[in-house]
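The values are calculated or read from the model by the stated rules, or taken from the named source; none is laboratory data. None of these values were measured; they are calculated from a predicted model. Here the Cβ is made from the backbone with ideal geometry for all residues, glycine too, and neighbour counts use every protein chain on show.
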Amino acid sequence: MARETTPHARGDAPPATAKDPAVASTGLAADRDEDALVAKTVTINRPRQTLYAFWRDFRNLPLFMENIESVTVMDGHRSHWKVKAPANTSVEWDSVIVEDIPGEVIEWRSVEKASVNNSGRIEFQDSTNGRGTWVSAVIAYDPPAGKVGQVIAKMFGREPKVQARRDLRRFKQLMETGEIANSDPPNAAPRGD
Amino acid sequence: MRALTWQGKHDVRVETVPDPQIVNPRDAIIRITSTAICGSDLHLYDHVIPRMKSGDVLGHEFMGEVVEVGSGNSKLKVGQRVVVPFVIACGDCFFCQKQLYSCCDNSNPAEKQDV
């Protein structure tokens, strides 16, 4: 039986995740020299305009991004980020939005001389299967203290690949349910001990 | 209230424990009239589940009467009889909206979904 050929369609995966190096090197990482690249997509059962609007107000990011201590918005495009780093330290930098398409794309990057050279891009697409919005995040960064720092960060769960995956999960939970799940025992009936 | 508590491996006792309170606005408090013993209760009893602590209240498949409802819970009314399954589901994701509650996307904390 002849195999059906599928017409080329744009998938939901960010190009950076592609196995083909020619594809993977397009987009955000292409014109940057960061060492590490993270790409992840989640499906969120909410309209993309709603998701875009919430994300676009960077002051909301610490609500679901565990390692961000604060984001101060300086003007329409510039913001100041304070982020937890391994070994109880923190790093700070200024970030500027370089692409902003309402309801579709937000891309930002650290300005020159940032302590951690980094950039991020988030895309919102209507899912083709009626499940809401595909939210794709690509984060590129120079790991603090290079490869060694990256390994140490991973040991403490702050490696950006792990962090991005969990942060997107928390974003989904917050957008769909209005709260973020945790497994701490509820204090419904505190014990005497 | 009276509750069956786990004290240690193969040691369970009915004791008086503090009454529950509404913590989350979507909470409800149910007065239990009967409860099942599930196969997974045996794992708790045998101390195969690592996070058990002395004093934990057992029972997760039960029925009873609604006695108090949180401000964010519009579905339950005081006095209703309810059956409660073990599933934890958000009610808002794609699967919950299709009443496929056991497939809920949001039951587990993000850091546990990696496992």
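Can you report the number of residues in the stretch A:82-109 which are at pLDDT below 90 and not β-branched (Val, Ile, Thr)? If you could, list the steps in order and put the result at the bottom.
Initially, the stretch A:82-109 is screened for residues at pLDDT below 90, giving A:83-93.
Right, trim to not β-branched (Val, Ile, Thr) and you get A:84-88, A:90, A:92-93.
The qualifying residues number 8.
Do you know which of the residues in the stretch B:42-64 that are more than 14 Å from chain A (Cβ to nearest Cβ) and charged (D, E, K, R) is surrounded by the most Cβ atoms within 10 Å (Cβ to Cβ)?
Among them, the one singled out is B:61.
Would you check if there is a residue in the stretch B:28-41 being under 23 Å from residue A:178 (Cα atoms) and either in contact (Cβ under 8 Å) with a residue 60 or more places away in the chain or surrounded by 11 or more Cβ atoms within 10 Å (Cβ to Cβ) (or both)?
First, the residues of the stretch B:28-41 that are under 23 Å from residue A:178 (Cα atoms): B:28-29.
From the residues that got through so far, the ones that are either in contact (Cβ under 8 Å) with a residue 60 or more places away in the chain or surrounded by 11 or more Cβ atoms within 10 Å (Cβ to Cβ) (or both) too are B:28-29.
Checked the stretch B:28-41: at least one residue is under 23 Å from residue A:178 (Cα atoms) and either in contact (Cβ under 8 Å) with a residue 60 or more places away in the chain or surrounded by 11 or more Cβ atoms within 10 Å (Cβ to Cβ) (or both).
Which ones in the stretch A:116-133 are over 9 Å from the mean Cα position of the chain (by Cα) and within 19 Å of residue A:37 (Cβ to Cβ)?
Here is the first cut: in the stretch A:116-133, the residues over 9 Å from the mean Cα position of the chain (by Cα) are A:116-119, A:123-133.
A:116, A:117, A:118, A:119, A:123 - these are the residues of the stretch A:116-133 that are over 9 Å from the mean Cα position of the chain (by Cα) and within 19 Å of residue A:37 (Cβ to Cβ).
Quick one: in the stretch A:114-136, which of the residues that are among the hydrophobic types (A, V, I, L, M, F, W, C) and within 14 Å of another protein chain (Cβ to nearest Cβ) is surrounded by the most Cβ atoms within 10 Å (Cβ to Cβ)? Break it down stepwise before answering.
Pass one, the stretch A:114-136, residues among the hydrophobic types (A, V, I, L, M, F, W, C): A:114, A:116, A:122, A:124, A:134-135.
Now narrow it down to the ones that are within 14 Å of another protein chain (Cβ to nearest Cβ): A:134-135.
Working: A:134: 20, A:135: 25.
Per the criteria, the residue is A:135.
Consider the stretch B:89-105. How many of its residues are assigned to a loop (DSSP other than H, G, I, E, B) and either more than 7 Å from chain A (Cβ to nearest Cβ) or over 16 Å from the mean Cα position of the chain (by Cα) (or both)? I'd like the intermediate steps shown before the answer.
Kept after step one, since they are assigned to a loop (DSSP other than H, G, I, E, B), are these residues of the stretch B:89-105: B:89-93, B:98-100, B:104-105.
Then keep just the ones that are either more than 7 Å from chain A (Cβ to nearest Cβ) or over 16 Å from the mean Cα position of the chain (by Cα) (or both); that gives B:89, B:91-93, B:98-100, B:104-105.
Going through the stretch B:89-105 one residue at a time, the tally reaches 9.
Which one of the conditions (1) out of contact with any strand residue (DSSP E or B) (no Cβ under 8 Å at 6 or more places or on another chain); (2) loosely packed, with under 15 Cβ neighbours inside 10 Å does residue B:67 fail to meet, given that it meets all the rest?
Of the numbered conditions (1) out of contact with any strand residue (DSSP E or B) (no Cβ under 8 Å at 6 or more places or on another chain); (2) loosely packed, with under 15 Cβ neighbours inside 10 Å, the odd one out for residue B:67 is (1).
Conditions tested, residue by residue: (1) within 16 Å of the chain's Cα centre (by Cα); (2) in a loop (DSSP other than H, G, I, E, B).
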| position | (1), (2) |
| --- | --- |
| B:24 | yes, yes |
| B:44 | yes, no |
| B:78 | no, yes |
| B:82 | yes, no |
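Quick check on residue B:5: is it surrounded by 14 or more Cβ atoms within 10 Å (Cβ to Cβ), touching a residue at least 12 places away in the same chain (Cβ under 8 Å), among the β-branched types (Val, Ile, Thr) and in a strand (DSSP E or B)?
Numbers: surrounded by 14 or more Cβ atoms within 10 Å (Cβ to Cβ): yes; touching a residue at least 12 places away in the same chain (Cβ under 8 Å): yes; among the β-branched types (Val, Ile, Thr): yes; in a strand (DSSP E or B): yes.
Here the answer is yes, as residue B:5 does meet what is asked.
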